[in-house]
Each structure stands twice: as C-alpha cells, then as structure tokens.
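Reviewing the structure listed below.
The values are calculated or read from the model by the stated rules, or taken from the named source; none is laboratory data. Bear in mind the structure is a predicted one, so any value in this text is a computation, not a measurement. Backbone-built Cβ (ideal geometry, glycine too); neighbour counts: all protein chains shown. Surface areas here come from the heavy atoms of the whole protein model, side chains and all, with no ligands, DNA or RNA. Shrake-Rupley method; radii C 1.70, N 1.55, O 1.52, S 1.80 Å.
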Amino acid sequence: FYTALHCVNAYAAKIGWRWKNPRSLRRRISIHTQELRFVKEKLGKRIFKHYERLFQECWNARYDPLYFKHISPSKPQEMFNLAKIFLDIILNI
C-alpha cells in the first residue's frame, strides 16, 4: 500500500495538487479520504479498485486484531503486480 500511496502523492505533486488541511475543512475530511477521492477522480476506476483494495488490506492488517486469523496470506507475486501498476502510472505520466 505504501508504494501505491507514494506514487499517488508523487503524481499529485506533479500536477500541482495539494491536500487540504482537515482542520480547515468544515466536514473535517481526512487526508486518507481526500487521497481515495483523488485516485478515483484523477486516476480512474480501474486504478481506484486496486488502490482501495491495498488501502483496505493495510487498514485491516493494522487495526483489526482478528484480521490475521481470518485470511490466507496474499501471494507475493500478486502484491508485486499491484504495486507495479502504480509505479507504471508514475513512470508513464
């Protein structure tokens, strides 16, 4: 996930996009929510689908104490392929 996150942030910086400070927003939209919206709106549904999956896996692994009891490990090649999608985006834009 963090590879994808860095790629998204690099692309955002490249096009001059700046994240809004959640404290300055009326609805207090988190940076994570802003990033998810950015990916969906600027990079498209196909990329968003993969990014959202990586985000959810990361979130679950970090905050769900039962997460590892209910899943089978991801295959390294599958995770590499997802990360490569985001690297390709940055290198080809």
How much accessible surface area, in Å² rounded to 10, belongs to the heavy atoms of residue 32 with a 1.4 Å probe?
80
To make sure I understand the rule: partners must be lysines, Cα under 21 Å from the Cα of residue 49, and not fewer than 8 residues away in the same chain. Which ones qualify?
40, 75, 84
May I ask you to order 39-46, 57-64 by the average number of other C-beta atoms within 10 Å around their residues, highest value first?
39-46, 57-64
Kindly sort 2, 51, 11 by accessible area of their heavy atoms, largest first, with the probe set to 1.4 Å.
2, 11, 51
